[in-house]
Amino acid sequence: THALDIRGLTKTYGDGFQALKGIDLSVAEGDFFALLGPNGAGKSTTLGIVSSLVNKTAGTVSVFGCDLDTKLSEAKMNLGVVPQEFNFNQFEKVFDIVTTQAGYYGIPLRQASVSAEKYLKKLGLWDKRNTPARMLSGGMKRRLMIARALVHEPRLLILDEPTAGVDIELRRSMWGFLEEMNRQGTTIILTTHYLEEAEALCRNIAIIDQGRILKNTSKRDLLQEL
Ligand code: ADP
Ligand code: ADP
């Protein structure tokens, strides 16, 4: 089974705009995969559907063989998502944001605390654990989003433009963190509009434009064509 399998996915927004025109995409377990495309291509819409934040118009999506229409809670156990917008409670403390998320997965508080500590330390946020999120810098908020997405130790981590607006130094350290997660077995999918980012990190790349997948290939083959 694939970590992610998308078949015939379409999305027409309420205003009639067709953002996805029939997407097929399979990502193997263990892969580090980039969905690369310009602004407006449909990347966030695709990830929004995978993370159940956006309703699809037609098609199927499954995560490790669990169809989102019929086995949503099982699918969610295997899935961590980092959307572009900071959608945590800005007044809550960093540690509590991460452990609260664990509660949604039924993880007992003691175990949630262990996991929160592990990821806040890995992401350099442990010193900020008692700080309200609104006091963090943009880069710290971005890392908090990642820690929160990992607290239930999902097998698939999906990030929407993870390094947009992040300075070069933090970008490199985030890349290193994601590479380490991938080496340890987590399947990673990210969206980006930087070829450079896809090139630096990913093994396989799909190019999306105007709601269609134009190409889905290994990085090596893609770079040979360019
Ligand atoms: P859905 O079909 O998923 O319910 P809607 O079409 O109802 O989505 O739109 C959801 C929200 O996104 C609305 O509040 C709408 O105003 C807003 N929106 C509309 N156009 C855009 C756009 N081009 N980019 C981002 N958000 C938009
Ligand atoms: P990307 O993430 O690749 O930049 P998006 O998935 O955000 O692309 O957007 C794809 C297209 O759908 C864009 O043209 C965008 O304006 C449009 N769109 C996104 N959200 C909405 C919405 N809620 N309502 C109407 N159109 C939308």
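The rows are residues; the columns are (1) acidic (Asp, Glu); (2) over 24 Å from Lys93 (Cα atoms).
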{"residue": "Pro154", "(1), (2)": "no, no"}
{"residue": "Glu169", "(1), (2)": "yes, yes"}
{"residue": "Ile189", "(1), (2)": "no, yes"}
{"residue": "Leu201", "(1), (2)": "no, yes"}
{"residue": "Lys215", "(1), (2)": "no, yes"}
{"residue": "Leu226", "(1), (2)": "no, yes"}
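A single entry from Met174, Met145 fulfils the requirement of being modelled with pLDDT under 95 and among the aliphatic types (A, V, I, L, M): Met174. Taking the criterion of being open to solvent by 30 Å² or more (accessible area, probe 1.4 Å) and not β-branched (Val, Ile, Thr), the residues of the stretch 199-217 that qualify are Glu199, Ala200, Arg203, Asn204, Asp209, Gln210, Arg212, Leu214, Lys215, Asn216. The residue of the stretch 63-89 that is nearest to Asn216 (Cα to Cα), among those that are surrounded by fewer than 20 Cβ atoms within 10 Å (Cβ to Cβ) and small (Gly, Ala, Ser), is Gly65. Filtering Leu25, Leu53 for residues that are without any contact (Cβ under 8 Å) to a residue 40 or more places away in the chain, under 24 Å from Tyr194 (Cβ atoms) and not small (Gly, Ala, Ser) leaves a single hit, Leu53. Take the residues of the stretch 8-44 that are over 15 Å from the mean Cα position of the chain (by Cα) and among the aromatic types (Phe, Trp, Tyr): which is surrounded by the fewest Cβ atoms within 10 Å (Cβ to Cβ)? Per the criteria, the residue is Phe17. When the stretch 102-147 is filtered for residues that are of a type in the set (S, T, N, Q) and open to solvent by 70 Å² or more (accessible area, probe 1.4 Å), the ones remaining, listed by number, are Gln111, Asn130. Within the stretch 144-202, which residues are touching a Gly at 6+ places or on another chain (Cβ under 6 Å) and part of a helix (DSSP H, G or I)? The answer is Ala149, Leu150, Leu170. Among the residues of the stretch 121-134, those identified as within 15 Å of Asn89 (Cα to Cα) and in a helix (DSSP H, G or I) are Ala133, Arg134. Report yes if Glu74 is acidic (Asp, Glu), under 19 Å from the mean Cα position of the chain (by Cα) and within 16 Å of ligand 1 (Cβ to nearest atom), otherwise no. No; evaluated as a whole, the condition is false for this residue.
Can Gln184 be described as within 21 Å of Asn78 (Cα to Cα), open to solvent by 80 Å² or more (accessible area, probe 1.4 Å) and out of contact with any Cys (no Cβ under 7 Å at 6 or more places or on another chain)? Judged against the criteria, Gln184 is a match. When the residues of the stretch 148-171 are filtered to those that are farther than 21 Å from Ala28 by Cα and at pLDDT 95 or above, the one that is most open to solvent (accessible area, probe 1.4 Å) is Arg148. Please determine whether any residue of the stretch 45-54 is more than 12 Å from ligand 2 (Cβ to nearest atom), at pLDDT below 95 and either open to solvent by 40 Å² or more (accessible area, probe 1.4 Å) or more than 21 Å from Ile188 (Cβ to Cβ) (or both). Yes - at least one qualifying residue is present in the stretch 45-54. For Asn216, the conditions (1) part of a strand (DSSP E or B); (2) under 24 Å from Gly124 (Cβ atoms) are fulfilled apart from (2).
Given the criteria surrounded by 19 or more Cβ atoms within 10 Å (Cβ to Cβ), more than 16 Å from ligand 2 (Cβ to nearest atom) and at positive phi, does Phe95 qualify? Here the answer is no, as Phe95 does not meet what is asked.
The values are calculated or read from the model by the stated rules, or taken from the named source; none is laboratory data. These figures come from a predicted structure and were not determined experimentally. For neighbour counting, all protein chains shown are included, and Cβ atoms are generated from backbone atoms with ideal geometry for every residue, glycine included. The accessibility values were calculated without ligands, DNA or RNA, using every heavy atom of the protein model including side chains. Shrake-Rupley method; radii C 1.70, N 1.55, O 1.52, S 1.80 Å.
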